[in-house]
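The structure appears below as structure tokens.
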Amino acid sequence: SDAGSEEMRRLMSFVPVETLRMPAVFRDTENNVLSDPSASLNPFWQKLSRLDRPVRIVHIGDSHIRGHVFPYEMRMCLETDFGSEAVEALPVTYQSSGLARETGAGGLIYHIIGVNGATCGSFSTPERIDEIVGLQPDLVIVSFGTNEAHGRRYVPSEHLAAMRYLTEAIRRGCPETVFLLTTPPGAYRKVGRRGHVVNPNTPRVVDTELDFARESGCAVWDLYHVAGGQSRACLNWSAAGMFQRDKVHFTHEGYKFQGLLFHEAFIKAYNKYVADRLE
């Protein structure tokens, strides 16, 4: 019957996603969800549920993004979920560009633009903004904070101003773009000969990013608190052996795990949108 096929079509719009098990050594983790109180992602979820044209994500950020493992894991998962007809099957490595090559078909496209040492402020050059706008993103994922926290003196008001400037400049070029912030995972800082201490600026940076998300009404995936926050994030990554020796960057497995966590939170938010529409 028509009613039966309509019901089937609706059920098919959910994307299956499995809940990841946190490593056994992780303590005090938080629920792995996207926060989007103002439903700012709904226009994007709607485009994603239709996929009747190319729907573009541009993921920008620092070396965690430039490493091409964390965002590429996310990209591969989303291509599995929504199909990969819109892009050529080119492998992404550290040596290659993270930009997808579009086929012209409708579907999901996930571009990656990461720069080592980047901050939100350093990304706000006319060239970078033109590059992002030129890709015509429907969603821009913004992943900074690690280098802000490593600056000699961290000034929250300057960081807030940089986030406002970057997002407003992109929005001027792409008025329909929506934004999803991700917080930094946490990092250590080198201290003389004593080795490393947990970077004390990270919680301040994260608070500033969360303040910006509230003020601008944009969505945020708070990896820092998902991974244990101020008391545990760095200890958890360390205990699981996921940091590289510099205790700032992550192992291949560490980045892959972060990509899978991100994907899980993203799809849960998408499925919630689908469920809300079915009510």
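Within segment 240-255, residues that are farther than 17 Å from Asn116 by Cα sit with their Cβ atoms under 7 Å from residues that are of a type in the set (D, E, K, R), at 6+ positions apart or across chains, in these pairs: Met242/Glu253.
So, of the residues in segment 215-238 that are in contact with a Ser or Thr (Cβ under 9 Å, 6 or more places away or on another chain) and among the charged types (D, E, K, R), which turns out to be most open to solvent (accessible area, probe 1.4 Å)?
At the first step, the residues of segment 215-238 found to be in contact with a Ser or Thr (Cβ under 9 Å, 6 or more places away or on another chain) are 216-230, 232-234, 236.
The next check asks that each one be among the charged types (D, E, K, R); those that pass are 222, 232.
Values: Asp222: 28, Arg232: 58 Å².
Taking the candidates together, the pick is Arg232.
Residue count for segment 113-157 under the criterion of being of a type in the set (Ser, Thr, Tyr) and not in a loop (DSSP other than H, G, I, E, B): the result is 3. Screening Gly114, Gly151, Gly173, Gly186 for residues that are under 25 Å from Gly229 (Cβ atoms), surrounded by fewer than 23 Cβ atoms within 10 Å (Cβ to Cβ) and touching a helix residue (DSSP H, G or I) at 6+ places or on another chain (Cβ under 6 Å) leaves exactly one candidate, Gly114. Filter segment 94-111 for residues that are assigned to a loop (DSSP other than H, G, I, E, B) and either touching a helix residue (DSSP H, G or I) at 6+ places or on another chain (Cβ under 8 Å) or closer than 19 Å to Ile60 by Cβ (or both) and give the result. Selection gives Tyr94, Ser96, Ser97, Gly98, Leu99, Ala100, Arg101.
When Ile113 is tested against (1) of a type in the set (A, V, I, L, M); (2) within 30 Å of Pro156 (Cα to Cα); (3) more than 15 Å from the chain's Cα centre (by Cα), exactly one condition is not met: (3).
In summary, Leu160 fulfils each of the numbered conditions (1) without any contact (Cβ under 8 Å) to a residue 12 or more places away in the chain; (2) assigned to a helix (DSSP H, G or I) with the single exception of condition (1).
Looking only at residues in segment 216-270 that are more than 12 Å from Leu34 (Cα to Cα) and among the acidic types (Asp, Glu), the one that is farthest from the chain's Cα centre (by Cα) is Asp246.
Criterion applied to Thr103, Thr80 was being under 21 Å from Tyr270 (Cα atoms), open to solvent by 20 Å² or more (accessible area, probe 1.4 Å) and free of Cβ contacts under 8 Å to residues at least 40 places away in the same chain, and the one residue passing it is Thr80.
Every condition in (1) surrounded by fewer than 21 Cβ atoms within 10 Å (Cβ to Cβ); (2) in contact with a Phe, Trp or Tyr (Cβ under 9 Å, 6 or more places away or on another chain) holds for Pro71 except the one numbered (1).
The values are calculated or read from the model by the stated rules, or taken from the named source; none is laboratory data. What you are looking at is a predicted structure, and each value in this text was computed from that prediction instead of being measured. For neighbour counting, all protein chains shown are included, and Cβ atoms are generated from backbone atoms with ideal geometry for every residue, glycine included. Note: accessible area is taken over every heavy atom of the protein model, side chains too, but ligands, DNA and RNA are not part of it. Shrake-Rupley method; radii C 1.70, N 1.55, O 1.52, S 1.80 Å.
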